[in-house]
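All remarks here apply to the structure that follows.
Just so it is clear, none of the values below were taken in a lab; they were calculated from the coordinates. In this text, all values refer to a predicted model and were calculated from it rather than measured experimentally. Ideal geometry is used to build each Cβ from the backbone, glycine not excepted, and the neighbour counts take in all protein chains shown.
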């Protein structure tokens, strides 16, 4: 056991305690948390900084507005309802298409108008928000993700998580939803994480339930063939999120839309550590290197630095 | 740097906590384990006298730091009398006063002593009188006795022994001694002779403690001083040294009992020995005050009982911190397990576990029905609270009807906390499936059981209750754990693919 701990330390794997004390505690000013904990705020902020985000169909802030939810989505075939302050993918409802009186989820399950309204009502009363505080519901356009990822996902939208440390992208991973994760791209619910080389956006390894995998469990596609297009553009967007929020240790979630390219989905001030398993290496080395860099470099320079010095091999 | 100030703080807490704890152990004799017993003597003095309708003033010398004993508490019973405690140069006195009293009067003074070998008397050396006056023939006899004893001794103490031997071994054989003893009591005579020889000495009054004795009286002893040293001489046997069971009631050379306005005054003592658990001995420890002796025991008994539980909560918190920071167990609600553990302490572990599982599983079933009703959150949780109360009532009634009195203890569970637990677990079930519910529920129960085992341990209870300093030590430990940036035990398993991948 001690040998394993030493091995991990040599490999530069960081644990939750170290992440909390040395990175989140030191680089993330608690004052700034609301910027990322409230997705609505993040979205508005991103628009100010010209970072692409999903089209907002509407927000619902009070119970008496709940009835209007069907009106807000009537023009749209598919849409997503999510809590503004939700965490861990909780409370996200995806509707792929609608028929009169019926909303069809990607799994094929149908929910009706009352189910939709109840979901929004639950969101408003704080069921999914951190600490149970009253919340707002955000309704967004459905993402049309890049068809190149079609064979790598089960129902859900694959997204790309990039850890950005002091503005430098340090590690990246694509999250693919599976049958086990119920179409959600959440790792602890069973989504597959695929480590991506920060230099190229090519896959370096996969992980599901904290254990390495090499093929997508549902579609059986080899994960090693995965490659993310528009990689430079994507990294630039993640790096800009540092200026956006001021948070030093940040998890950025990006989706690739087939029409608009990389779009910021959400930000996370407490990004998880499974990305290390997906990439087959610890974060420590990269974080130590970035810690020695002087502050103030522009985003493009930071991305270039990361692509040059933090490459997988 | 914040790290340095953290370590400074930890050090301050540790040092303060340790010194408070050690002080209570060493100075106040509070033992480390609850099983130890301490001898406590209950001594009751009965002052009685005849009053004749005049104002009465009774002054009684009180024991003041008698060597070998520590005063725990004292009480008086003296109907109608005013009472003052007076500190004089030669010791503490109690003074009872009344404007008018007639007939037989009785005043009780009872005191509890803890046998404490470490406690030293701090009697001051008395001053030597300028001259010792003898009546005509006695002066010569006294001088001859002194000269004879001085010849066969080397210093003050050996002189004392030599002198005492002459009075106790063969008093009839020496004409001088016979003459002296015909005019004086031996103890007083010895003090006079010692003064004549230039040795500081005084009469002291002590009580021999024997379990269950009544109507005992004080006996005179002779204290002899040589510089800082003090020798206690038994004038009846000539032996020196203080017996263990001798309680020096009055050691300042002043009269034990003075009664103005009364006659035939006397004081008799009865005594009782009890072997009390050390914790009880500590509890009656009211006199040991001061900042360092700061103790919960100065509160009324009812509040003490409350604090007994409150002071255990940090232990539970420490268990939670260890399990979460060092092991990495997931719990549902950070400190919910501590509250469950507190409930277990009222119910005992097994009945508590059964009751908990019954309530939560029934609650989950009913909650799953409630989720179909599409209620607002606060209303739903309130409904769950009422459901929990109904479940508890139903089980209590059922258990009572079936003859299990344990069923009634179910009411000790914190109902609001249980309701939130049910609510959270139910949401967890809907969102992440039963597996996560069992992981978090199991983690919570495991944490609760471990916290219970720690908090229920008699030694832990004894220590937290009797050593407030321990709270500071716990604080320091938790601060240190809050600074631990190494791996959690379960993370080793989680990250193990990274440890082996390139082997």
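For residue A:199 and residue B:376, what is the calculated FRET efficiency with R₀ set at 60 Å and r taken between the beta-carbons, to the nearest 0.05? Before the final figure, lay out the partial values.
Working: r = 51 Å, r/R0 = 0.84.
Calculated value: 0.75.
What do you get when you divide the Cα radius of gyration of chain B by 2.2 N^0.38 Å, with N the number of residues?
Working: Rg = 34.8 Å, N = 503, 2.2 N^0.38 = 23.4 Å.
That works out to 1.49 for chain B.
Before rounding to the nearest 500, sum -39500 (n - 2.57) across all DSSP H runs of length at least 4 in chain B and divide by the residue total; then give [θ] at 222 nm in deg cm²/dmol.
On the way: 17 runs with 232 residues, N = 503.
Computed mean residue ellipticity for chain B: -15000 deg cm²/dmol.
How far, in degrees from 0 to 90, does helix A:299-309 lean away from the longest principal axis of the Cα atoms of chain A, to the nearest 10?
Tilt relative to chain A: about 50 degrees.
For B:486-492, what's the mean count of beta carbons from other chains sitting within 10 Å of each residue's beta carbon? Could you put the intermediate results ahead of the total?
Working: counts 7, 10, 3, 2, 2, 10, 8.
For peptide B:486-492, the averaged partner shielding equals 6.
May I ask you to derive the relative contact order of region B:306-467, considering only C-alpha pairs under 8 Å and at least 6 residues apart, and to give it as an integer percent? Don't skip to the answer; put the middle values down first.
Details: 166 pairs, mean separation 66.9, N = 162.
Once normalised by length, the contact order is 41 percent.
Residue by residue through A:16-23, how many Cβ atoms from other chains fall within 10 Å of the Cβ on average?
Working: counts 9, 13, 5, 1, 3, 5, 1, 1.
The per-residue average across the peptide is 5.
Could you tell me the distance between the Cα centroids of region B:355-399 and region A:23-57, to the nearest Å?
Between the Cα centres of region B:355-399 and region A:23-57 lies a distance of 39 Å.
Please label the shape of region B:306-467 as rounded, prolate or oblate, based on the square roots a ≥ b ≥ c of the eigenvalues of the alpha-carbon gyration tensor (a/c under 1.5 means rounded; beyond that, a/b larger than b/c means prolate, else oblate). Present the calculation step by step, with values, prior to reporting the outcome.
On the way: a/c = 2.15, a/b = 1.31, b/c = 1.64.
Because a/c hits 1.5 or more and a/b fails to exceed b/c, region B:306-467 counts as oblate.
What angle, in degrees between 0 and 90 and rounded to the nearest 10, separates the Cα long axis of helix B:301-310 from the longest principal axis of the Cα atoms of chain B?
Result, in degrees: 40.
Which whole-number percentage describes the relative contact order of chain B, with Cα contacts under 8 Å and a sequence gap of 6 or more?
Relative contact order for chain B comes out at 21 percent.
Other chains near A:1-11: what is the mean number of their Cβ atoms within 10 Å of each residue's Cβ? Display every interim value, and only then the final one.
Details: counts 3, 1, 1, 8, 7, 1, 9, 9, 3, 1, 5.
Averaged over the peptide's residues, the number is 4.
Quick check on packing: order A:119-126, A:298-305 by the mean number of other C-beta atoms within 10 Å, highest mean leading. Provide the component values of the computation, followed by the final result.
Numbers: A:119-126: 22.5, A:298-305: 17.4.
Result, highest mean first: A:119-126, A:298-305.
For region B:192-216 and region A:231-277, compute the distance between their C-alpha centroids and round to whole Å.
Between the Cα centre of region B:192-216 and that of region A:231-277, the gap is 90 Å.
Quick one, what does Rg over Rh come out to for region A:56-141 if you take C-alpha atoms and the Kirkwood Rh? Provide the component values of the computation, followed by the final result.
Numbers: Rg = 11.9 Å, Rh = 12.6 Å.
Over the Cα atoms of region A:56-141, Rg/Rh equals 0.94.
At a 10 angstrom cut-off on C-beta neighbours, averaged per residue, how do the peptides B:111-117, B:473-479, A:168-174, B:207-213 rank from highest to lowest?
Details: B:111-117: 20.1, B:473-479: 18.4, A:168-174: 27.3, B:207-213: 14.6.
Result, highest mean first: A:168-174, B:111-117, B:473-479, B:207-213.
Using the alpha-carbon atoms, what tilt in degrees (0 to 90, nearest 10) does helix B:136-151 show relative to the longest principal axis of chain B?
60
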